[in-house]
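Step one of this worksheet: look at the structure below.
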Amino acid sequence: MNNLLNCDYMFKKFSLFLLLIILAVISLGTVSAAANNTIQYSNVNHSQNIASTTNSLVITAVDPKKGSINVAINKTIKIKFNQPVKFKTGWIVFRKDGKLTSFYKSINSEILTIKPVAQMRKGSIYSIVLHTNSISNNNGSGVAYFSTSFATAINIDIINHATGGDITKNTLLYGYIQKTVLSNDIISKAKIGTPIITFGDGNGPRVLIVAGVHGNELPAPAAAMKLINYLNGKHVHGTVYIIPFAIPYSIAHKTRYWHGQDPNRIANIAGSPTNIIVNLAKKFRVMALGDFHSSIQGGVPGKDSALCTMIPMYSSYRIASYIAKYSGSSLIADKIAGKAYPGALEDVTNLNRIPAVTCEVLANHNTLSMNRINKSYKQMWGLLKYLGIE
Ligand SMILES: [Zn+2]
């Protein structure tokens, strides 16, 4: 019995060996034939190349596309493969701003669907990782490591409904604003009031950037829009609030005044546009406020500068020093907030014990150039860098 079995076993083993040799010879022949075809006919027929690799599982499409911005917060994510798939053993990971977040997953033929359990948050970066072998085809052949990420649409709120204006009417400014989905959204909302754009979730260092308090000073609003479009889709280390058009009405009408008053002298009057901004800075508990302006030739200060006071918030002096150095601007430090410019946004904010600075770039009223925008932009970055946000 044993011998017979043994003999049978040996025979089977030998047959298997023969079979393997035959298969090896056949496949070698196929490979060399395929190689020949490739060399001789590669310009004529690419399908033979593709046909020889279609057995491997690959991703053919991702929606939203990798690196997308302005993605709707109710979006369902779909990953399409080149053949029907099923779940295998590896992990699938879904993250919001780097932190694990829960999701539902399902497969319909060649499409993997990922649906966040909670609605996605505006202004966040979401990422998906398919670890090796998390998904396989019906033969058990697994997917290779894959990762993708996208950004949801930025949050835009209106902080003051009395100030709305059509920014597109200021053709000089509008001409310098990058025409993006986000820009259009902000400009459209500015028609009903003062828009504020938020990057980050309120954690980390928080900063408020203000531009357009004076509607005839154009470099800062253009720089703020440049910054907004730059930050869109990027992970921000902290929270950046940006008001690109403090008084859209004034920008649309190319004037520095608001109801006959200088808006940068009435921040201490309840309900004024700048007073609303001071209260917002308090509500958000920002660590610093930067108010960005421009100054005419021969005016005060009449040069690229960072202005601050030392009392009561000495840190505003440190911030202005940093910005001045970083952006190549002059440092102008007054001693006590509210003395030289009572009612200025910077002064009233400092008196409310939030460090605040004013930045000026040299530019005549209702004029604009790339050079002046970039100087204002650099001053804004000085503020962000001081706070460790980049
Ligand atoms: Zn100004």
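Restricting the search to region 111-155, which residues are in a loop (DSSP other than H, G, I, E, B), crowded, with 17+ Cβ neighbours inside 10 Å and either free of Cβ contacts under 8 Å to residues at least 40 places away in the same chain or hydroxyl-bearing (S, T, Y) (or both)?
Within region 111-155, S124, S134 qualify.
Any residue at all in region 276-285 that's within 15 Å of the ligand (Cβ to nearest atom), in contact with a Ser or Thr (Cβ under 6 Å, 6 or more places away or on another chain) and at pLDDT 95 or above? Steps first, please.
Applying the first criterion (within 15 Å of the ligand (Cβ to nearest atom)) to region 276-285 yields 277.
Filter once more, keeping what is in contact with a Ser or Thr (Cβ under 6 Å, 6 or more places away or on another chain): none.
Within region 276-285, none of the residues are within 15 Å of the ligand (Cβ to nearest atom), in contact with a Ser or Thr (Cβ under 6 Å, 6 or more places away or on another chain) and at pLDDT 95 or above.
Identify the single condition in (1) surrounded by fewer than 19 Cβ atoms within 10 Å (Cβ to Cβ); (2) more than 25 Å from the chain's Cα centre (by Cα) that E217 does not satisfy, given that it satisfies every other one.
(1)
Within region 191-214, does at least one residue satisfy the condition of being within 16 Å of the ligand (Cβ to nearest atom), surrounded by 19 or more Cβ atoms within 10 Å (Cβ to Cβ), among the small types (G, A, S) and closer than 21 Å to Q379 by Cα?
So far as region 191-214 goes, yes, one or more of its residues are within 16 Å of the ligand (Cβ to nearest atom), surrounded by 19 or more Cβ atoms within 10 Å (Cβ to Cβ), among the small types (G, A, S) and closer than 21 Å to Q379 by Cα.
Suppose the filter is farther than 17 Å from V210 by Cβ and charged (D, E, K, R); does D157 pass it?
Numbers: farther than 17 Å from V210 by Cβ: no; charged (D, E, K, R): yes.
No, not satisfied.
Could you tell me whether region 142-153 includes any residue that is more than 23 Å from the chain's Cα centre (by Cα), more than 23 Å from V357 (Cβ to Cβ) and among the β-branched types (V, I, T)? Step through it out loud before you land on a result.
Initial filter on region 142-153 (more than 23 Å from the chain's Cα centre (by Cα)): 142-145.
Next, only the ones that are more than 23 Å from V357 (Cβ to Cβ) stay: 142-145.
Checking the rest, the ones that are also among the β-branched types (V, I, T) come to 143.
The answer is yes, given that some residue of region 142-153 is more than 23 Å from the chain's Cα centre (by Cα), more than 23 Å from V357 (Cβ to Cβ) and among the β-branched types (V, I, T).
For I296, which of the numbered conditions (1) closer than 17 Å to A211 by Cα; (2) within 16 Å of the ligand (Cβ to nearest atom); (3) buried (at least 24 other Cβ atoms within 10 Å of the Cβ) fails to hold?
(3)
Kindly evaluate E360 against the criterion of being within 16 Å of the ligand (Cβ to nearest atom), buried (at least 24 other Cβ atoms within 10 Å of the Cβ), at negative phi and without any contact (Cβ under 8 Å) to a residue 60 or more places away in the chain.
Details: within 16 Å of the ligand (Cβ to nearest atom): yes; buried (at least 24 other Cβ atoms within 10 Å of the Cβ): yes; at negative phi: yes; without any contact (Cβ under 8 Å) to a residue 60 or more places away in the chain: no.
Taking the combined requirement at face value, the residue does not satisfy it.
Can you tell me which condition T239 does not meet? The list is (1) within 14 Å of V348 (Cβ to Cβ); (2) surrounded by fewer than 24 Cβ atoms within 10 Å (Cβ to Cβ), and all the others hold.
(1)
Mind listing whichever residues of region 159-186 are β-branched (V, I, T), more than 14 Å from I242 (Cβ to Cβ) and in contact with a Pro (Cβ under 9 Å, 6 or more places away or on another chain)?
Of the residues in region 159-186, the ones β-branched (V, I, T) are 159, 163, 167-168, 171, 177, 180-181, 186.
Adding the requirement that they be more than 14 Å from I242 (Cβ to Cβ) leaves 163, 167-168, 171, 180-181.
Passing the criteria: T163, I167.
Of the residues that sit in region 253-275 and are surrounded by fewer than 22 Cβ atoms within 10 Å (Cβ to Cβ) and in a helix (DSSP H, G or I), which one is farthest from the ligand (Cβ to nearest atom)?
Going through the qualifying residues, I end up with N275.
Quick check: anything in region 120-129 among the hydrophobic types (A, V, I, L, M, F, W, C) and in contact with a Leu (Cβ under 8 Å, 6 or more places away or on another chain)? Let's see the steps before the verdict.
Applying the first criterion (among the hydrophobic types (A, V, I, L, M, F, W, C)) to region 120-129 yields 120, 125, 128-129.
Now narrow it down to the ones that are in contact with a Leu (Cβ under 8 Å, 6 or more places away or on another chain): none.
Looking for residues that are among the hydrophobic types (A, V, I, L, M, F, W, C) and in contact with a Leu (Cβ under 8 Å, 6 or more places away or on another chain), one finds none in region 120-129, hence no.
Looking at region 363-390, which of its residues are of a type in the set (A, V, I, L, M, F, W, C) and within 16 Å of the ligand (Cβ to nearest atom)? Write out each step before concluding.
First, pick out the residues of region 363-390 that are of a type in the set (A, V, I, L, M, F, W, C): 363, 368, 370, 373, 380-381, 383-384, 387, 389.
Passing the criteria: A363, L368, I373, M380.
Suppose the filter is crowded, with 17+ Cβ neighbours inside 10 Å, more than 15 Å from I209 (Cα to Cα) and polar (S, T, N, Q); does S327 pass it?
yes
Determine which single condition S250 fails, assuming it passes every other condition in (1) within 13 Å of the ligand (Cβ to nearest atom); (2) among the small types (G, A, S); (3) closer than 21 Å to V357 by Cα.
Every listed condition holds for S250 apart from (3).
If I242 passes every condition in (1) within 15 Å of the ligand (Cβ to nearest atom); (2) within 20 Å of the chain's Cα centre (by Cα); (3) among the β-branched types (V, I, T) but one, which one does it miss?
Condition not satisfied by I242: (1).
Considering region 54-75 alone, what residues qualify as being among the hydrophobic types (A, V, I, L, M, F, W, C) and in a loop (DSSP other than H, G, I, E, B)?
Kept after step one, since they are among the hydrophobic types (A, V, I, L, M, F, W, C), are these residues of region 54-75: 57-59, 61-62, 69, 71-73.
Result: L57, V58, I69, A72, I73.
Can you confirm whether V143 is more than 16 Å from the ligand (Cβ to nearest atom) and not assigned by TED's automatic domain parsing to the domain that holds A320?
Values: more than 16 Å from the ligand (Cβ to nearest atom): yes; not assigned by TED's automatic domain parsing to the domain that holds A320: yes.
The answer is yes for V143.
The values are calculated or read from the model by the stated rules, or taken from the named source; none is laboratory data. These numbers come from a predicted model, not from an experiment. Cβ sites come from the backbone with ideal geometry, for glycine too, and all protein chains shown count toward neighbours.
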